[in-house]
Amino acid sequence: MSDLATPNVIRRADYAPPAFLIDTVALEFDLAPERTIVKSTLRVRRNPAAAHASHLELMGEQLEFVGASLDGQPLANVRAHEHGLTVENVPDAFELTLTGACNPAANTTLSGLYVSSGNFFTQCEAEGFRRITWFLDRPDVMATYTVTLRADKAAYPVLLSNGNLVDTGDLPDGRHFARWEDPFRKPSYLFALVAGKLVALEERITTGSGREKLLQVWVEPHDLDKTRHAMDSLIHAIHWDEKRFGLELDLDRFMIVAVSDFNMGAMENKGLNIFNTKYVLANPETATDTDFANIEAVVGHEYFHNWTGNRVTCRDWFQLSLKEGLTVFRDQEFSADMSGGDQDEAARATKRIEDVRVLRQMQFAEDAGPMAHPVRPESYVEINNFYTMTVYEKGSEVVRMYQTLFGRDGFRKGMDLYFARHDGQAVTCDDFRHALADANGRDLAQFERWYSQAGTPRVSVTTSYDEAQRRYVVTVAQGYGDASPAARETQKGPLLIPFAIGLIGPDGADLPLRLEGEADAHGTTRVLEVTGALQTFTFVDVPVKPLPSLLRNFSAPVIVEYDYSNDELAFLLAHDSDPFNRWEAGQRLATRELLTLATRAAEGRPLELDDAVVDAFRRVLTDETLSPSFRELALMLPSETYLAEQMAESDPAAVHAARQFVRRRLAHALKADWLAVYERHVTPGEYEATPVAAGHRALKNLALSYLAELDDPADAVRLATAQYDAANNMTDRSAALSALLGAAASTGGDFVQRPLQDFYERFEKEPLVIDKWFALQATQRGGAGRPVIDTVRALMAHPAFNLKNPNRARSLVFSFCGANPAQFHAADGSGYAFWAEQVLALDALNPQVAARLARMLELWRRFTPKLREQMHAALKQVAAGVKSRDVREIVEKALA
Ligand code: B3K
Ligand code: ZN
């Protein structure tokens, strides 16, 4: 049965409050893999704030109707249908009992109730609860829940749901039960249950008000030795939210459960967070430094949702960024504080750089294509397609701008007012903005455009210095450039842009800043408030012609255009006091050079690299006053994907040729330095997961990857082989293997076969590590006459490959299509044919995951004509065979 019967567009403008409210929900589950019976008893009443309706319409999908009663009487005027259930002529207030059945074992969508490794799990956000029972499955219907779980005791010894455990006991026939009560009203998307053979790491902590709390991390028994880091991250998150925002854990018990089949990262169900194993399980042998950091961030993120999302939730799904943008901002600040405290600006900058890199590579690309939408979208076909980089990452930048405008204290005042006004409510992005505005005595009407306009703003800056008058005039123009049609139709006017700027003197020191009209100079970074389409700011008392440092710490999610020379960029890279902008100067320098080279490569002209670029890189590499993590970020070239997006017509092959040329050139020119850095930054002894140790490993492994580019990679092969064999942690082991794969691509050497095989055998029983094994091979560079698609196709037939497991699908299929552009965009179209096959195969199993893969061709119009044609054909092939609403929305928008 396809769900295409109603391919209707849902519009924000059509929001209407629900005709009925549900105050209490009592759920009883008789859990069985093939047929689970769910009995739901609802206290329903007419919504006084809504128009009168005589029928109650509940949503339901893939449910078998078993029976119904109203106020204890069997119900005749009830009609179950494909999209739910209608009860006709209901009274003003009543108790409704509905019994239905579903098939968790057959549920490959991983939405609703499903089975993974023999255990039961749920995923309800956004609209999965309706696949469990009939309901007003929308976030503005908030109820208190009591949940009774019954199941076979031997097969499902652990029975979990939201809130507090109030009763347990044995039942006849080897069954048992558990009853859970959640004291907090919540929307249905936050409901969860888990049942199965699981064990927990437990801790008891005391929170700010002196109350004791039970914390649990539940996993399969063989994974118990990988839960310590997740538990520590949870404890840190709980303390951080008290300290930074005065927000305390409200439940007596807080549980995290890991599941290996999961569509995304994790889910913030009230008191019972369910996580992809990837964001829970870690020990030094199996997880990289990046995995450790991601676990901390995601554990924090889901925990922070308890207040920003759960206590205050969204009125409707158009407001998704209300909880997601805000919670991403909170997790970014948490990670920054964890890595460097709130004092160490350089350590905080590392986190900032990583976040901005993701935003620019992924969100700016989204803005440039057919899925471009505002942070608060106006319409959708399938809401699951709108858990996007724009809603999450740009949404976080929008929240960050309030903090940039009002400072940390002003932001905190706004948050306090937001909770004072809206605790326990389902609200809108406007409510959040008003709280921030009112708490700070500001009119933020213009700021609303950040929520309603799509596209990436461009800020063009010109400057002029009057030596006689000692005045420096900064002229700022804002617009959207040639935005995509989807973005253009949302654009109405200029934004309020907090634009942080500094002025640097010829000695490299910041100049004190005094704007015209100010009594005296203060500070060396100023947040200018740009509000007009064209505006000038005049600095006075400027003793020498300065160099501007623009958009410090990336104070707004915009593209800055300013005509820096290569020498000026090298100067900023060496001197800017803003660590973000030091990195930024290096990226601009490299990007400009790489794009010039890519154009030359496309025209078949010889390539050469400006010595100034080599020198700038050498200075960073050898500057021991800079932190290793900063150097690693500064020396990493912009990604091929990002570079291709900057071209008038994306040409992945030309970009790859240019980037490889530069990597080789830097490898040769700085060979002795790379070797010295490699030796200096080894981290002998026991593995430490600290940011400092991780920084050393990152820089050392970057050096190794450059050394692997040498024409004669003997040194790299020797070092990488030794590193692989001696490694006591996954960061070093996987980096060594990756370097060997790199060296093998250029030389065809067979030195990589043994470690590749060893890696598989060593970690055969660790699915998350086997994911890395697939991903490393999917993203490897292709050698002459050895296209990676051949390896990928062979790996699809490997016994360990399984398309139904999203992590495995992502490790091979998504990694190849999304993270190996030069191979995926092969001129013969082989990558696109593979993509179309896999999108259609996934579409039949798991539409949400399929839709993510489908998006990988959405920028097809921006590529060179030959690639464009082939991508178009692949898209049409998918459009002709698609079944799900999820994938259909993506391909139809791409083809429109
Ligand atoms: N809120 C969930 C995402 C749900 C996605 C549904 N397709 C995880 C998070 O953002 O915390
Ligand atoms: Zn979230």
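What follows is calculated from the coordinates using simple rules that are stated; it is not laboratory data. For clarity, every value in this text was computed on a predicted model and none was experimentally measured. Cβ placement follows ideal geometry from the backbone for every residue including glycine, while neighbour counts extend to all protein chains displayed.
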Handout entry: Contour excess over end-to-end distance, with Cα ends at Ala76 and Ala105 and 0.36 nm allotted per residue
Key = 7.3 nm
Exercise for the section: On a C-alpha basis, how far is the centre of the range 358-393 from the centre of the range 21-58 in Å? Whole number, if you could? Expected result: 33
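Which semi-axes, in whole Å and largest first, does the equivalent ellipsoid of the chain have when worked out from the alpha carbon gyration tensor as the square roots of 5 times its eigenvalues?
Numbers: eigenvalues 412, 227, 147 Å².
Sorted largest first and rounded, they come to 45, 34, 27 Å.
Checking the a/c ratio against 1.5 first, then a/b against b/c, what shape does the Cα gyration tensor give for the range 253-374? Write out the running numbers ahead of the final one.
Details: a/c = 1.36, a/b = 1.03, b/c = 1.31.
It comes out rounded by the Cα gyration axes.
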Handout entry: Phi to ³J(HN,Hα) by Karplus 6.51 cos²θ - 1.76 cosθ + 1.60 over the range 747-755, Hz, x for Gly, Pro
Key = 9, x, x, 9, 5, 8, 4, 4, x
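Local charge sum around Glu202 (other residues, Cβ-Cβ under 14 Å, Lys/Arg +1, Asp/Glu -1)? The partial results should precede the final answer.
On the way: positive: Arg204, Lys213, Arg228, Arg253; negative: Glu203, Glu212, Asp232, Asp252.
Every neighbour counted, the sum reads 0.
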Exercise for the section: For the range 349-506, just list the percent of Cα-Cα distances falling in each 10 Å bin from zero outward, please. Expected result: 9, 32, 34, 19, 5, 1, 0
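Hey, could you get me the Stokes-Einstein D for the range 697-830, Kirkwood radius over alpha-carbon pairs, 4 °C and 1.567 mPa s, rounded to whole µm² s⁻¹?
Numbers: Rh = 15.2 Å.
In µm²/s, the coefficient is 85.
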Practice task
Compute the long axis of helix 566-575 from its Cα atoms, compare it with the longest principal axis of the Cα atoms of the chain, and write down the angle in degrees, 0 to 90, nearest 10.
Solution key: 70
Handout entry: Percent of Cα pairs exceeding the 23 Å cut-off, where the set is the range 425-531
Key = 47
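Hey, could you get me the Stokes-Einstein D for the range 720-792, Kirkwood radius over alpha-carbon pairs, 4 °C and 1.567 mPa s, rounded to whole µm² s⁻¹? Before the final figure, lay out the partial values.
Details: Rh = 12.4 Å.
It diffuses with D of about 104 µm²/s by this estimate.
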Fill in the blank from the handout: Most exposed first, judged by fewest Cβ atoms within 10 angstrom, Ser54, Ser335 run Ser54, Ser335
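Quick one: Cα convex hull volume of the range 10-197, Å³ per residue?
On the way: hull volume 22.7 nm³, N = 188.
It comes to 120 Å³ per residue, whole-number rounded.
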Handout entry: Global form of the range 571-648, assessed from the alpha-carbon gyration tensor, a/c cut-off 1.5
Key = prolate
Completion exercise
Taking the alpha-carbon centre of each part, the distance from the range 257-287 to the range 672-701 in Å is 28
Problem - Cβ-Cβ FRET estimate between Ala676 and Glu761, R0 fixed at 30 Å, reported to 0.05 - result: 0.30
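Which value in Å does the Kirkwood hydrodynamic radius of the range 365-445 take, with 1/r averaged over all unlike C-alpha pairs and then inverted? If you can, show how the numbers build up before the last one.
On the way: mean 1/r = 0.0714 Å⁻¹.
Taking every pair of different Cα atoms in the range 365-445, averaging 1/r and inverting gives 14.0 Å.
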Exercise for the section: Calculate how steeply helix 652-669 sits against the longest principal axis of the alpha-carbon atoms of the chain, using the helix alpha-carbon long axis, and give the answer as 0 to 90 degrees to the nearest 10. Expected result: 50
Practice task
Note the per residue figure in Å³ for the convex hull of the C-alpha positions in the range 320-408.
Solution key: 95
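For Tyr564, Tyr480, what's the fewest-to-most ordering of other Cβ within 10 Å of each Cβ? Numbers along the way, then the final one.
On the way: Tyr564 17, Tyr480 20.
Ascending Cβ contact count within 10 Å gives the list Tyr564, Tyr480.
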Handout entry: Given Lys278/Lys351; Lys226/Lys804; Lys270/Lys323, the pairs whose alpha carbons are separated by over 18 Å
Key = Lys278/Lys351; Lys226/Lys804
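With an 8 Å Cα cut-off and a minimum separation of 6 or more residues, compute the relative contact order for the range 10-197 in percent.
About 23 percent, as a whole number.
Figure the gain on full extension for Asp615 and Ser460 (residue separation times 0.36 nm, minus the Cα-Cα span) and round it to one decimal in nm.
Values: separation 155, 0.36 × 155 = 55.80 nm, distance 2.85 nm.
That pair, Asp615 and Ser460, stretches by 52.9 nm at full extension.
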Handout entry: Whole-angstrom gap from the range 863-892 to the range 177-228, using each part's C-alpha centre
Key = 43
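Taking the Cα centre of the chain as origin, sum charge times position over the Cβ atoms of Lys and Arg (+1) and Asp and Glu (-1), and report the length of that vector in debye to the nearest 20. It would help to have the intermediate numbers written out before the result.
On the way: 95 positive and 123 negative charges, 219 e Å.
The dipole magnitude comes to about 1040 debye.
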Handout entry: 222 nm mean residue ellipticity, helices alone, for the chain (DSSP H n ≥ 4; -39,500 (n - 2.57); rounded to 500)
Key = -12500 deg cm²/dmol
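Just the C-alpha atoms of the range 10-80: what Rg/Rh do they give, with Rh taken as the Kirkwood radius?
Values: Rg = 14.8 Å, Rh = 14.7 Å.
Using Cα coordinates only, the ratio equals 1.01.
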Exercise for the section: Would you order Arg855, Arg526 from fewest to most other beta-carbon atoms within 10 Å of each residue's own beta-carbon? Expected result: Arg526, Arg855
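Taking square-rooted eigenvalues a ≥ b ≥ c of the alpha carbon gyration tensor, is the range 505-591 rounded, prolate or oblate, where a/c under 1.5 means rounded and, failing that, a/b exceeding b/c means prolate?
Oblate, since a/c reaches 1.5 and b/c is not below a/b.
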Handout entry: Stretchable slack from Ala509 to Asp750, in nm (0.36 nm times residue separation minus alpha-carbon distance)
Key = 81.6 nm
Completion exercise
Taking Cα atoms only, helix 429-439 is inclined relative to the longest principal axis of the chain by an angle, in degrees rounded to 10, of 70
